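Down below is the structure, laid out as structure tokens.
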Amino acid sequence: MATSRTDDVLASGARPQVALTVGFQRALLGAAVFIVAAAVIALRATNTRGEIPRDVPTEAPEPETETETPETNVVEPA
């Protein structure tokens, strides 16, 4: 981009210092446009990495435990 613009300015009869400055300015402008476009895309894109879905509980439910001892089949002597 800078080379193309520099060549055009040189062909129009400008001094080399001016042509180089104009060429680099055009290249920096092009880079700034790409940076702004990347920033807009980054701000508009959704962050799907690391998000917890709303329908999934954040904590695992505690397992149900029996508070009483289970009944055993004990045959009492008669």
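The values are calculated or read from the model by the stated rules, or taken from the named source; none is laboratory data. Remember, predicted model here, so these are calculated numbers, not experimental data. Heads up, the Cβs are rebuilt from the backbone with ideal geometry, glycines too, and the neighbour counts pull from every protein chain shown.
At-a-glance table
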item: Top-ranked residue in the range 18-60 [being within 20 Å of the chain's Cα centre (by Cα) and among the charged types (D, E, K, R); ranked as modelled with the lowest pLDDT]; result: E51
item: Pairs with Cβ under 8 Å, 6+ apart, first in the range 1-18 and in contact (Cβ under 8 Å) with a residue 12 or more places away in the chain, second exposed (fewer than 14 other Cβ atoms within 10 Å of the Cβ) and among the hydroxyl-bearing types (S, T, Y); result: none
